[in-house]
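I have a structure I would like to understand better, so I am pasting it below and will then ask my questions one at a time.
The values are calculated or read from the model by the stated rules, or taken from the named source; none is laboratory data. Predicted model, so just to flag it, every value in this text is computed and none were measured. Cβ coordinates were reconstructed from backbone atoms using ideal geometry, including for glycine residues, and neighbour counts include every protein chain displayed.
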Amino acid sequence: MIFVGEGALLWRAVRHTLDSGRAVDLVCGPAADGGAAPPGVRHLAATDVNAVADELAAACTDGLVWSVNNRMIFRAPVLSAGLRVLNVHHGPLPAYRGMPEVALVYAMLGGEAEFAATLHRVDEGIDTGPVLAREPYPIGADEPYHVVMRRGLQVCHRLFERCLPLAAADPDWPGDPGASVGAGDGGYYGRTALARLPLWREHPEYARATDLGFLAGYLPELAEALG
């Protein structure tokens, strides 16, 4: 199997896969991230996953591609290569598509008491493919953003651990029963939504929902937008 993405969440998934006795054919992501690759794991540097579609297809021994903490958008070159691409998305789908770090701010501003990690099959849209599994978790009424986000990342990895053997064992795995309930367009939280966040400064939950804490250095776009 192949992994596409970057950062600690990706490499934690890669190491878990190796520890479980499964092969990792290739990891694709930003060049600067290659130094984190475990011994024996090939890292393919790319800023556009579609530009290396042929290399991914040639390297993949089981037809399975995991997208974990991945900002690159899969398009036809990869999606038509006969690969099954599964994405771990931090956010309940279809309600919160797009950039997870932005979506979580809006969820907290909207008074959500719950968020979720979602596993879905990637299609031509952005976070619009069929939902295979979800793992909800609570948002405490007084918890700052950085506490909630850290919990969410842990839940994302837990979801990956649970679904890895299921997806690896069955190419036609349909997902958890009822996981796809609630299909629809939902909301999209991209850079336009990011730029509008300062308009919410007078909201009573703004300080809590934008308290990045130790995560400020890991979320530079969000930190810059919040000023």
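Within the range 105-154, track down each residue that is among the hydroxyl-bearing types (Ser, Thr, Tyr) and closer than 19 Å to Ala13 by Cβ.
Thr118, Tyr137
With respect to the numbered conditions (1) among the β-branched types (Val, Ile, Thr); (2) touching a Leu at 6+ places or on another chain (Cβ under 9 Å); (3) in contact (Cβ under 8 Å) with a residue 60 or more places away in the chain, which one is the sole condition not fulfilled by Val148?
Evaluating Val148 over (1) among the β-branched types (Val, Ile, Thr); (2) touching a Leu at 6+ places or on another chain (Cβ under 9 Å); (3) in contact (Cβ under 8 Å) with a residue 60 or more places away in the chain leaves (3) as the failure.
Might you let me know whether the range 8-25 holds any residue that is modelled with pLDDT of 95 or more, out of contact with any Leu (no Cβ under 7 Å at 6 or more places or on another chain) and over 25 Å from Leu166 (Cα atoms)?
No; the residues of the range 8-25 include none that is modelled with pLDDT of 95 or more, out of contact with any Leu (no Cβ under 7 Å at 6 or more places or on another chain) and over 25 Å from Leu166 (Cα atoms).
Still on this model: Just give me the residues in the range 191-227 being under 13 Å from Met108 (Cα atoms) and acidic (Asp, Glu), in sequence order.
Glu205, Asp211
For the structure I just gave you, tell me whether Thr118 is out of contact with any helix residue (DSSP H, G or I) (no Cβ under 9 Å at 6 or more places or on another chain) and polar (S, T, N, Q).
no
Taking the criterion of being touching a Ser or Thr at 6+ places or on another chain (Cβ under 7 Å), surrounded by 11 or more Cβ atoms within 10 Å (Cβ to Cβ) and in a helix (DSSP H, G or I), would at least one residue in the range 211-224 satisfy it?
No, that holds for no residue.
For the range 1-33, name all the residues that are free of Cβ contacts under 8 Å to residues at least 60 places away in the same chain and under 21 Å from Ala51 (Cα atoms).
If the condition is that a residue be free of Cβ contacts under 8 Å to residues at least 60 places away in the same chain and under 21 Å from Ala51 (Cα atoms), then Val24, Asp25, Leu26, Val27, Cys28, Gly29, Pro30, Ala31, Ala32, Asp33 are the ones that fit.
Among the residues of the range 2-26, which ones are surrounded by 18 or more Cβ atoms within 10 Å (Cβ to Cβ), of a type in the set (A, V, I, L, M, F, W, C) and in a loop (DSSP other than H, G, I, E, B)?
Scanning the range 2-26 gives a single hit, Val24.
Just checking, which of Arg196, Arg162, Arg134 is of a type in the set (Lys, Arg), touching a strand residue (DSSP E or B) at 6+ places or on another chain (Cβ under 6 Å) and without any contact (Cβ under 8 Å) to a residue 60 or more places away in the chain?
The unique qualifying residue is Arg134.
Out of curiosity, is Arg97 out of contact with any Leu (no Cβ under 9 Å at 6 or more places or on another chain), closer than 20 Å to Arg196 by Cβ and of a type outside the set (A, V, I, L, M)?
It is true that Arg97 is out of contact with any Leu (no Cβ under 9 Å at 6 or more places or on another chain), closer than 20 Å to Arg196 by Cβ and of a type outside the set (A, V, I, L, M).
Same structure again: Quick one: in the range 27-45, which of the residues that are among the aliphatic types (A, V, I, L, M) and out of contact with any Cys (no Cβ under 7 Å at 6 or more places or on another chain) is surrounded by the most Cβ atoms within 10 Å (Cβ to Cβ)?
Val27
For Gly91, indicate whether it is within 27 Å of Arg150 (Cβ to Cβ) and in contact with a Pro (Cβ under 6 Å, 6 or more places away or on another chain).
For Gly91, the condition - within 27 Å of Arg150 (Cβ to Cβ) and in contact with a Pro (Cβ under 6 Å, 6 or more places away or on another chain) - is met.
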